[in-house]
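The next block holds one structure in the form of structure tokens; read it before the comments.
Only the coordinates and a few stated rules stand behind these numbers; no lab work does. For clarity, every value in this text was computed on a predicted model and none was experimentally measured. Quick reminder, even Gly has a Cβ in these numbers, built from the backbone with ideal geometry, and neighbours come from all protein chains shown.
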């Protein structure tokens, strides 16, 4: 059974994954890569990244494959 974490922890984890990918690979991860990294469903990743966008913490770009960028 997967351990449930609250959304604030998940948001921090997703931001960390996005930052790590950007630093290491020079681009942001896809939703699927975030889901794999954190053992989440795509729907969970989509919902939490939508909240992060509304909070202004990430920006969704027009790039088709690599959409998420941390708002600095």
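Quick look at the values:
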{"item": "Residue pairs meeting the criteria (Cβ under 8 Å; at least 6 apart or on separate chains; first in contact (Cβ under 8 Å) with a residue 40 or more places away in the chain, in region 16-39; second assigned to a loop (DSSP other than H, G, I, E, B) and surrounded by fewer than 19 Cβ atoms within 10 Å (Cβ to Cβ))", "result": "28/66; 28/67"}
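Condition check ((1) surrounded by 11 or more Cβ atoms within 10 Å (Cβ to Cβ); (2) out of contact with any helix residue (DSSP H, G or I) (no Cβ under 8 Å at 6 or more places or on another chain); (3) more than 16 Å from residue 68 (Cα to Cα)) across all residues:
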{"position": "8", "(1), (2), (3)": "no, yes, yes"}
{"position": "11", "(1), (2), (3)": "yes, no, no"}
{"position": "29", "(1), (2), (3)": "yes, no, no"}
{"position": "43", "(1), (2), (3)": "no, yes, no"}
